[in-house]
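Encoded as structure tokens, the structure appears first; notes follow it.
The values are calculated or read from the model by the stated rules, or taken from the named source; none is laboratory data. This one's a predicted model, so the numbers in the text were calculated from it and none came from an experiment. Backbone-built Cβ (ideal geometry, glycine too); neighbour counts: all protein chains shown.
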Amino acid sequence: MHSGSAVTGFQGRAFRRNEREHHLRGWHTDSWHATSGVQGLVRFHDFIYTDSLPEMEVQEEVTMAQHLFEAADRYDMQRLKLICEDKLCRHLDVSNAATTLVLAEQHNCQGLKDACIEFLKSSDALEGVMATDGFEHLTRSCHALVKELMSKLTTQSRKRKLST
């Protein structure tokens, strides 16, 4: 009888492992954006269990923070969302500002949105951002946001003219 319970225990663990793998595969294909891939799923899973993110190269960190930010919003993980928001704010540059602005708008993150707009107020930054694919995506998909951005940039331009 003892050996039977050992087999049952082993089968139970195997069943739970297969069930978990099936669940993760289903979650990966149904709920996780294809662009974040397996690495993104692993990082999300690791955060759930460790409450921290590993150190990464800056570009990898930005990409992963964008994907994790989306997942954090979707699954209402406020701490992860704040961590990602902080990373995205600290690493704003010409190559990611438009994409990050769209992300902030889509996920109702006013702090990140404000940081992006402040970054874009620099004429050098705006010119560079306008040459990116992310800006093209912004203009095609977020018309109200483009109007808001133009309004804020126009207001800034008027303030500069008045002060000179």
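With respect to the conditions (1) surrounded by 14 or more Cβ atoms within 10 Å (Cβ to Cβ); (2) modelled with pLDDT under 95, GLN59 falls short on a single one, namely (1).
Take region 115-139 and flag every residue that is under 17 Å from ALA104 (Cβ atoms) and loosely packed, with under 12 Cβ neighbours inside 10 Å. Please lay out each step first, then the result.
Of all residues in region 115-139, those under 17 Å from ALA104 (Cβ atoms) come to 115-121, 125-126, 129, 132, 134-135, 137-139.
Hits for region 115-139: nothing passes.
Can we say GLU61 is farther than 25 Å from ALA144 by Cα and touching a Lys or Arg at 6+ places or on another chain (Cβ under 8 Å)? In short, yes.
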